[in-house]
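Here's the structure we're looking at; comments come further down.
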Amino acid sequence: MQGFGREVILGVGGGIAAYKSCDLLRRLRDLGFGVTVVPTPSSLNFVGSATWEALSGRKVTTEVFESVEEIRHVSLAKNSNFIIIAPATADLMARIAAGRADDLLTNVILASNSPVLIVPAMHPEMWSDAATKANVTTLRNRGYHVMDPDTGALTSGDVGQGRFPETSRILGEFAEITGSRSDLLGKRVLITAGGTREAIDPVRYIGNQSSGKQGYAVARSAQQRGAQVTLISANSNIADIQGVKMVKVESAAQMLSALEEEFDGSDILVMSAAVADARPEQIAEAKIKKNEFINIVLVENPDILRTISAKKSRQIIVGFAAETSENLEAAQEKMVSKGADILYLNDVSGGDIFNSETTHGFILVRGQEPKKVAETTKDTLAHQLLDEALLQLG
């Protein structure tokens, strides 16, 4: 499941195995997932709201008519990427199969388009009952992922199939369904995106065609893999990414200032922004009249990539080169002279790349042969670049 995010709803059914989901919640958070717990009212007989709030760090509600102003069943459904129901009792599965919406959890399930993993836990006779089997078949036919419970000793003293699965098994199933990775957990990724603008007067500016799509794709991908992400965005119209620290800038000077403030704490810097090479020597305080608009005296902007790379200690730096040719030798020289560890070269001739959903070019890594990137999505390239950066980090 490419592009999977890291917001999980943990639905908790009213069975004694509810206490085991505390460990599942802790492990999900250890892997860098944000978890909102939605217990059924009956489950609070086993584990109370205070425990879930303490473990998740988030508010817990069980009924649709709590926090009505938030329209909570809709907001939770929209802002989550995955739902795990653990434990799922026979009654809860029956209600989901019937399309019932009689508490907050079942309302969220109906309102959500996210994948759902159901983890049953109940007495063996309840699991093997014809009604339960029929409900499981119905749920699986509708696309729900329903695990088979483990076989072993139960709270009642009986032995059979119905035991709540081990946390590691649930997490394995979760990872297989989502294709999620947590290889950037604990890492800080700093990204620049968009195109800088250099003011001529209060109306006009020198700019470029960059939309910021590639930088935002890297930010999403890094966040999905567990990183703490800061995105320095220059003049992009793309919506902010929830959970990513956003720093908005306009000019090259502002971008350099933001980078100098954030760089020391980062592990990976991805410089995908298109930075203006020059700026007007003077900015007019009032709009320049048409008949006075004769020439603009330009001065060179600082080379941001070279300036920042001179300050690096442990950081891995990924640079971008938007050119109108595929001159690999010149790109290699640029990578070395600017202090980048990795460089992505793309040919923007013919209007390609800018504001597009796809990209193509070459990934250059110091000491390695260039790797050709056939036309692919910017999300895919983002993951490829992060893979290379991780290899460089060791």
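The values are calculated or read from the model by the stated rules, or taken from the named source; none is laboratory data. Please read these numbers as outputs of a predicted model, since none were measured by experiment. Positions of Cβ are backbone-derived with ideal geometry, glycine not excepted, and every protein chain shown enters the neighbour counts.
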Name every residue in the range 302-331 that is in contact with a strand residue (DSSP E or B) (Cβ under 6 Å, 6 or more places away or on another chain), at pLDDT below 95 and over 30 Å from GLU281 (Cα atoms), in order of residue number.
GLU326
Can you tell me how many residues in the range 201-229 are outside any loop (DSSP other than H, G, I, E, B), in contact with a strand residue (DSSP E or B) (Cβ under 8 Å, 6 or more places away or on another chain), hydroxyl-bearing (Ser, Thr, Tyr) and buried (at least 24 other Cβ atoms within 10 Å of the Cβ)?
1
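Going through the range 126-156 one residue at a time, which ones are part of a helix (DSSP H, G or I), over 37 Å from the mean Cα position of the chain (by Cα) and exposed (fewer than 14 other Cβ atoms within 10 Å of the Cβ)?
Within the range 126-156, SER128, ALA130, ALA131 qualify.
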Hey, among the residues in the range 358-382 that are crowded, with 21+ Cβ neighbours inside 10 Å and farther than 11 Å from GLN214 by Cα, which one's modelled with the highest pLDDT?
LEU364
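In this structure, is LYS133 of a type in the set (Lys, Arg), closer than 18 Å to VAL37 by Cβ and assigned by TED's automatic domain parsing to the domain that holds GLY32?
Against the criterion (of a type in the set (Lys, Arg), closer than 18 Å to VAL37 by Cβ and assigned by TED's automatic domain parsing to the domain that holds GLY32), LYS133 does not qualify.
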Those residues of the range 160-177 that are touching a residue at least 12 places away in the same chain (Cβ under 8 Å) and surrounded by fewer than 20 Cβ atoms within 10 Å (Cβ to Cβ) come to a total of 8
Exclusive hit being under 27 Å from ILE16 (Cα atoms), of a type in the set (Gly, Ala, Ser) and touching a strand residue (DSSP E or B) at 6+ places or on another chain (Cβ under 6 Å), set ALA121, ALA193, ALA134, ALA175
ALA121
Looking only at the range 89-111, filter to residues that are in a helix (DSSP H, G or I) and among the small types (Gly, Ala, Ser); which one of those is farthest from SER67 (Cα to Cα)?
ALA90
Would you be able to say whether some residue in the range 233-248 is touching a residue at least 60 places away in the same chain (Cβ under 8 Å) and closer than 22 Å to ARG197 by Cα?
no
Pairs, first free of Cβ contacts under 8 Å to residues at least 40 places away in the same chain in the range 309-322, second in a loop (DSSP other than H, G, I, E, B) and surrounded by 20 or more Cβ atoms within 10 Å (Cβ to Cβ), C-beta under 8 Å, six or more apart:
SER309/ALA340
The range 63-77 - residue that is among the β-branched types (Val, Ile, Thr) and in a helix (DSSP H, G or I) and, of those, nearest to GLU7 (Cα to Cα)
VAL74
Condition set assigned to a loop (DSSP other than H, G, I, E, B) and among the hydrophobic types (A, V, I, L, M, F, W, C), scope the range 291-310, selection nearest to GLU260 (Cα to Cα): answer is ALA310
Evaluation of VAL318 against (1) assigned to a strand (DSSP E or B); (2) surrounded by fewer than 21 Cβ atoms within 10 Å (Cβ to Cβ) (one fails), failing number
(2)
What residue, of ALA252, ALA193, ALA239, is aliphatic (A, V, I, L, M), over 26 Å from VAL365 (Cβ atoms), outside the structural domain of SER21 (by TED's automatic domain parsing) and at pLDDT 95 or above?
ALA252
Of the residues in the range 277-310 that are surrounded by 13 or more Cβ atoms within 10 Å (Cβ to Cβ) and among the small types (Gly, Ala, Ser), the one that is farthest from ARG197 (Cα to Cα) is SER309
State which residue is farthest from the chain's Cα centre (by Cα) when the search covers only the range 263-276 and only residues that are surrounded by 18 or more Cβ atoms within 10 Å (Cβ to Cβ) and not in a loop (DSSP other than H, G, I, E, B).
ALA274
Kindly indicate whether any position in the range 377-391 is in contact with a Gly (Cβ under 8 Å, 6 or more places away or on another chain), over 23 Å from ARG306 (Cα atoms) and assigned to a strand (DSSP E or B).
no
Can you find, within the range 236-254, the residue that is surrounded by the fewest Cβ atoms within 10 Å (Cβ to Cβ) among those that are of a type in the set (Val, Ile, Thr) and not in a loop (DSSP other than H, G, I, E, B)?
VAL247
Residue count, the range 62-89 (criterion: over 16 Å from SER21 (Cβ atoms), out of contact with any helix residue (DSSP H, G or I) (no Cβ under 6 Å at 6 or more places or on another chain), buried (at least 19 other Cβ atoms within 10 Å of the Cβ) and not basic (Lys, Arg)):
2
Any residue in the range 73-89 that's over 18 Å from LYS59 (Cα atoms) and not assigned by TED's automatic domain parsing to the domain that holds LEU171: show its pairings with residues that are crowded, with 23+ Cβ neighbours inside 10 Å and among the aliphatic types (A, V, I, L, M) at Cβ separation under 8 Å, as long as the two are six or more apart or on different chains.
none
